[in-house]
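Asker: What follows is a single structure, and I will ask about it in a moment.
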Amino acid sequence: GAVVSQHPSWVICKSGTSVKIECRSLDFQATTMFWYRQFPKQSLMLMATSNEGSKATYEQGVEKDKFLINHASLTLSTLTVTSAHPEDSSFYICSARELRGTGRMNTEAFFGQGTRLTVV
Amino acid sequence: LAKTTQPISMDSYEGQEVNITCSHNNIATNDYITWYQQFPSQGPRFIIQGYKTKVTNEVASLFIPADRKSSTLSLPRVSLSDTAVYYCLVGDTGRRALTFGSGTRLQVQP
């Protein structure tokens, strides 16, 4: 089946620094990828939709200048947490749906393994 | 987007059949019903998907009544490794993201 790979799996950084998380679709093209954030014991919350070759669409309450998203190719999207603070510590997960030739998405979404970010 | 409602938690014992029901009263005609499983510190994993009636694969069955306002995930003979959070999602084949509800935390005991 299709695979979405996230890197790194975990990262610890100091307050004020920036962290980049990569999301790759390994065996399919993804014009659209999605970034989620998950706090302990809670569900996944959509942060933004990453569109290849254009600006990302952010959900209400998500700061676009803090969470920079770049979707430079059909297989790679990156999320950069800028000037990270302890409250940004969370589990970040990306997702992608395979684009079929008809222009419609496959009904199944594939998720990366997630990135555990800890800001100290 | 159709909202889903699931029990917050369920308990079971090894070898039992577990049925998790999800309600989605305002499901749209184009929406599919998909269930995902998530273990701690991992991304969600696809379990099963259906549109209507019954779907079965090697790990689960999905029962969807004719009105499609609810669905039931059935896990036969659960084991300790089935302890996880199970999410019921409703969505179409468009470009929108999947919206996660609260999920059901299944605890399987020996």
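Asker: For residue B:89, are the conditions met, namely being touching a Phe, Trp or Tyr at 6+ places or on another chain (Cβ under 9 Å), assigned to a strand (DSSP E or B) and in contact (Cβ under 8 Å) with a residue 60 or more places away in the chain?
Answerer: For residue B:89, the condition - touching a Phe, Trp or Tyr at 6+ places or on another chain (Cβ under 9 Å), assigned to a strand (DSSP E or B) and in contact (Cβ under 8 Å) with a residue 60 or more places away in the chain - is met.
Asker: Another question, if that's okay. Can you spot a residue in segment A:66-76 that is assigned to a loop (DSSP other than H, G, I, E, B) and closer than 28 Å to residue A:120 by Cβ?
Answerer: yes
Asker: Can you pull out every residue in segment A:15-45 that is within 11 Å of residue A:92 (Cα to Cα), touching a Ser or Thr at 6+ places or on another chain (Cβ under 7 Å) and of a type in the set (A, V, I, L, M, F, W, C)?
Answerer: A:21, A:23, A:34, A:35, A:39
Asker: Is there any pair with a first residue in segment A:72-101 that is farther than 15 Å from residue A:28 by Cα and within 14 Å of another protein chain (Cβ to nearest Cβ) and a second that is surrounded by fewer than 19 Cβ atoms within 10 Å (Cβ to Cβ) and among the charged types (D, E, K, R) whose Cβ atoms are under 7 Å apart and which are 6 or more apart or on different chains, and what are they?
Answerer: A:91/A:116
Asker: What single numbered condition from (1) out of contact with any Lys or Arg (no Cβ under 7 Å at 6 or more places or on another chain); (2) away from every other protein chain (no Cβ under 14 Å); (3) assigned to a strand (DSSP E or B) fails to hold for residue A:63?
Answerer: The failed condition is (3).
Asker: Out of the residues in segment B:23-41 meeting the condition of being crowded, with 16+ Cβ neighbours inside 10 Å and over 15 Å from residue B:106 (Cβ atoms), tell me which one is nearest to the chain's Cα centre (by Cα).
Answerer: Ranking the candidates gives B:34 first.
Asker: Out of the residues in segment A:25-41 that are at pLDDT 95 or above and more than 8 Å from chain B (Cβ to nearest Cβ), state the one that is surrounded by the most Cβ atoms within 10 Å (Cβ to Cβ).
Answerer: A:35
Asker: What is the residue count in segment B:70-101 for residues that are under 13 Å from residue B:24 (Cα atoms), among the polar types (S, T, N, Q) and modelled with pLDDT under 95?
Answerer: Looking only at that region, the number is 1.
Asker: Here is a further query. Assuming residue A:22 fulfils every condition listed in (1) part of a strand (DSSP E or B); (2) free of Cβ contacts under 8 Å to residues at least 60 places away in the same chain; (3) within 11 Å of chain B (Cβ to nearest Cβ) apart from one, which condition is it?
Answerer: It fails just one condition, (3).
Asker: Among the residues that make up segment B:81-93, is at least one of them away from every other protein chain (no Cβ under 14 Å) and under 14 Å from the mean Cα position of the chain (by Cα)?
Answerer: Yes, that holds for at least one residue.
Asker: With the structure loaded, tell me whether residue A:57 is more than 9 Å from chain B (Cβ to nearest Cβ) and without any contact (Cβ under 8 Å) to a residue 24 or more places away in the chain or whether it fails that test.
Answerer: yes
The values are calculated or read from the model by the stated rules, or taken from the named source; none is laboratory data. Just so you know, these numbers come straight off a predicted model, no measurement behind them. Every residue, glycine among them, receives a Cβ derived from its backbone with ideal geometry; neighbour counts consider all protein chains shown.
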